[in-house]
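*Asks:* Can you read through this structure? Questions will come right after.
The values are calculated or read from the model by the stated rules, or taken from the named source; none is laboratory data. Computed from a predicted structure; not experimentally measured. Side chains included, ligands, DNA and RNA excluded: accessible areas come from the protein's heavy atoms. Shrake-Rupley method; radii C 1.70, N 1.55, O 1.52, S 1.80 Å.
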Amino acid sequence: MSVASATVPSVPITVSTVNVNGIRAAARKGMLPWLEATDADVVCLQETRADDGELTKALAPALDAGWHLASAAPSVKGRNGVAVLSRTAPDAVRVGIGADEFAEAGRYIEADFGDVTVASLYLPSGAVGTERQEEKERFMAAFAPYLTALASTAQAADRDAVVCGDWNIAHTERDIKAWKTNRKNSGFLPEEREWISALLAEGAPWRDVVRDLHPDVDGPYSWWSYRGKAFDNDAGWRIDYHLVTDALAERAKDAVTERAVAYDQRWSDHSPVTVSYR
């Protein structure tokens, strides 16, 4: 879907991203009070698992309060789905990464706000030796050149871009608590980590601003399994990233992973990751 409106200031801007693990469940469990309290100007959502009607209904209180919604609904009911919520309507919205296989998958949406493009990504999860992993690898192969083109286009137009969301890859040993036991599992495979490294290599146009602002810490983790005591033991993964073009990355001043204070106060298995660009 596409909308147009008056231009909004690009900086300062605060952007948050969160995999909601089902928008209807998240709204029931406490997402709406969080949304009411957040300082974010733009909130990127992943895994909404809802069509446009279901999404609008679940977010009705927020939309009534003035939030604007742009979404990419999944073609398969109950799976995927990404969206962008914003305090001011975006100037333009685009869906997809230009690959026919993923055109209606509900995995990528980007919206323009002044001279900043904000994108919400839900990169496929995988499982080694299965079609799911093959799908993930095909998406990665298509997405890397798309990111290169996005950064090049932004630079040529004197624009900035932030691609945030659930990347489903822990980049380094600092990004996953149990890294030793996950070296052969999807999400921490050498080839997946190398793919992220190539995006962030010296001379490449993208920066991981959360890691830039927290260079010497484990995590901060943003996803914890519902199984066992993963959350209580902080045995998490950092897989929710803000990848940002250079000029905007220089404006990143604060990055906070909004971990719930207790297990029973979680409204998703992910926590919002919020970055202020000033």
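*Asks:* Rounded, prolate or oblate for segment 177-263? Axes are the square roots of the Cα gyration tensor eigenvalues, ordered a ≥ b ≥ c, and the cut-off for rounded is a/c under 1.5. Could the numbers behind the result be given before it?
*Replies:* Working: a/c = 2.88, a/b = 1.35, b/c = 2.13.
Cα axes put segment 177-263 in the oblate bin.
*Asks:* Further, regarding this structure: Please give the calculated 222 nm ellipticity per residue for the chain, where each DSSP H segment of at least 4 residues contributes -39500 (n - 2.57) and the sum is spread over every residue; nearest 500 deg cm²/dmol? Write down the numbers at each step before the final one.
*Replies:* Details: 8 runs with 71 residues, N = 278.
Using -39500 (n - 2.57) per qualifying helix, the result is -7000 deg cm²/dmol.
*Asks:* Considering lysine pairs in the chain that are 8 or more places apart or on different chains, how many have Cα atoms under 27 Å apart?
*Replies:* 13
*Asks:* Find the relative contact order for the chain and round it to a whole percent, using C-alpha pairs within less than 8 Å whose residues are 6+ positions apart. Display every interim value, and only then the final one.
*Replies:* Working: 633 pairs, mean separation 56.3, N = 278.
20 percent.
*Asks:* Same structure again: So what are the ³J(HN,Hα) numbers for segment 253-265, from phi and the Karplus equation (6.51, -1.76, 1.60; θ = phi - 60°), rounded to whole Hz, Gly and Pro as x?
*Replies:* 10, 9, 9, 10, 9, 8, 5, 4, 6, 8, 3, 6, 9
*Asks:* Whole-Hz Karplus ³J(HN,Hα) for segment 219-233, in order, using 6.51 cos²θ - 1.76 cosθ + 1.60 and θ = phi - 60°, x for Gly and Pro?
*Replies:* x, x, 5, 10, 9, 9, 4, 6, 7, x, 10, 4, 5, 4, 8
*Asks:* If you stretched the chain out fully between Glu258 and Tyr146, how much longer would it get, using 0.36 nm times the residue separation minus the C-alpha to C-alpha distance? Can you show the working numbers first?
*Replies:* Numbers: separation 112, 0.36 × 112 = 40.32 nm, distance 2.96 nm.
Contour length minus Cα-Cα distance gives 37.4 nm.
*Asks:* Just check segment 1-118 against the gyration tensor rule for me: Cα atoms, a ≥ b ≥ c as the square roots of the eigenvalues, rounded for a/c under 1.5, and otherwise prolate or oblate depending on whether a/b exceeds b/c.
*Replies:* Details: a/c = 1.82, a/b = 1.07, b/c = 1.70.
In terms of gyration-tensor shape, oblate.
*Asks:* Throw me the Rg/Rh for the chain, computed over C-alpha atoms with Kirkwood Rh, two decimals. Could you put the intermediate results ahead of the total?
*Replies:* Working: Rg = 17.3 Å, Rh = 18.6 Å.
Taking Rh as the inverse mean 1/r over Cα pairs, Rg/Rh reads 0.93.
*Asks:* For segment 72-84, what does the Karplus curve 6.51 cos²θ - 1.76 cosθ + 1.60, with θ = phi - 60°, yield as ³J(HN,Hα) per residue in whole Hz, taken in order and with x for Gly and Pro?
*Replies:* So the Karplus estimates, Gly and Pro as x, are 10, 6, x, 7, 9, 4, x, 10, 6, x, 10, 7, 10 Hz.
*Asks:* Write down the Kirkwood hydrodynamic radius of segment 124-278, to one decimal in angstroms, obtained as one divided by the mean of 1/r over all alpha carbon pairs. Intermediate results must be reported in sequence, preceding the final value.
*Replies:* On the way: mean 1/r = 0.0612 Å⁻¹.
By the Kirkwood definition, the hydrodynamic radius is 16.4 Å.
*Asks:* What full-extension length gain, to one decimal in nm, is calculated for Ala204 and Tyr226 as 0.36 nm per residue of separation minus the Cα-Cα distance?
*Replies:* Numbers: separation 22, 0.36 × 22 = 7.92 nm, distance 3.57 nm.
My answer for the length gained is 4.3 nm.
*Asks:* Ignoring everything but the protein chains, give the 1.4 Å probe accessible area of Val93 in square angstrom, nearest 10.
*Replies:* 10
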